[in-house]
Amino acid sequence: MAGYASWNLHLRREPRSWEEQQLQHLMQLLQQQRTSSDDDHWCWTLEKNGKFTVSSFAEFLQQEDRLLKGITLQNFPFKLAWSNKLPPKIKFFVWTVLQGRLQTAHHLVSRGMVLNTICPLCHLHDETSEHLLLSCSVSKLVWRYFTADNINTDQFFAGATTVKDVLSSWPKRKKDTFGNQLWSYLPFAIIWVVWLSRNETVFRGKPLDFTRICNQIKGTLWFWIGGETKNPGHHFVNLITDWSSLVAL
Ligand SMILES: [Zn+2]
């Protein structure tokens, strides 16, 4: 039947005092909605054509935050996450990490879910996003493999302890060369592939393989910068065999 519905929410826990206003707002929004007898379909209302875009979602969250005064996003490095030419799903992933919303074990426990919080890669520490992507012994090896010939990896990571730090203080290279393109996208590729590998381990029981992770990072970079079409004269095999000399300054 078409018309207004009445809502009876079953919350998992009592709302905290700072959430009550949000809950009221939600109920107001729900009560304004009319149901119709047409078939249901999904659409993204923030874009005129009904199709999802990451940028419309980011903008919406900024506005919502201003309205609801929940979290301020003033310090969020939007430029950093949106200005480069990364595929949308990677931008969304980076944004999730920078917002502290990556679904690591630590994050899920903080949301009230009970599970083991130990890092699935090293089995030694709590799996926070910073641990998993930067300081875990497995990720460290990966960062070291890709950067040690170009920067003092230990020194860099002593000063950059969050993903935001790493991305914002990543050594910039001005010339638009093949090697420099690889270098500028490298931190994004590393955190993305470490996250994918972690998921393969957690959800599919796939054992960790350092060489496979490194090759997947190289493949990801090669894909992002357009492969041989955009980089005539370069070959993927060189990324596999000559990484250090390709990205050398
Ligand atoms: Zn670990």
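Bear in mind these aren't lab numbers, they're just calculated from the coordinates by the rules spelled out. Please read these numbers as outputs of a predicted model, since none were measured by experiment. FYI the Cβ positions are ideal-geometry reconstructions off the backbone, even for glycines, and counts take in every protein chain you see.
Annotations for the structure displayed:
- Derived value for the chain: Kirkwood hydrodynamic radius 21.1 Å. Basis is the mean of 1/r over every pair of different alpha-carbon atoms.
- In terms of overall dimensions, segment 151-229 has a Cα radius of gyration and Dmax of 14.1, 42 angstrom.
- The charge dipole of the chain, taken about the Cα centre with unit charges on the Cβ atoms of Lys, Arg (+1) and Asp, Glu (-1), comes to about 420 debye, rounded to the nearest 20.
- Checked against a 29 Å cut-off, the cross-linked pairs Lys48/Lys91; Lys140/Lys206; Lys175/Lys206 give Cα-Cα distances beyond that limit for Lys175/Lys206.
- Highest average packing first - 207-217, 19-29, Cβ atoms within 10 Å: 207-217, 19-29
- Rounded tilt (10° steps) of 137-147 against the dominant C-alpha axis of the chain: 50 degrees
- Sorting 231-240, 31-40, 155-164, 194-203 by average packing, meaning the other beta carbons within 10 Å per residue, from highest down gives 194-203, 155-164, 231-240, 31-40.
- Estimated [θ] at 222 nm from DSSP helical runs (n ≥ 4, -39500 (n - 2.57)) normalised by residues in the chain, nearest 500: -16000 deg cm²/dmol
- The ellipsoid that matches the Cα gyration tensor of segment 83-195 has semi-axes, each √(5λ) in whole angstrom, of 26, 17, 11, with the longest given first.
- In percent, rounded to a whole number, the relative contact order of the chain is 13, using alpha-carbon pairs under 8 Å and six or more apart.
- Signed unit charges on C-beta, dipole axis of the chain, positive-most listed residue Leu9, Gln22, Leu133: Leu133
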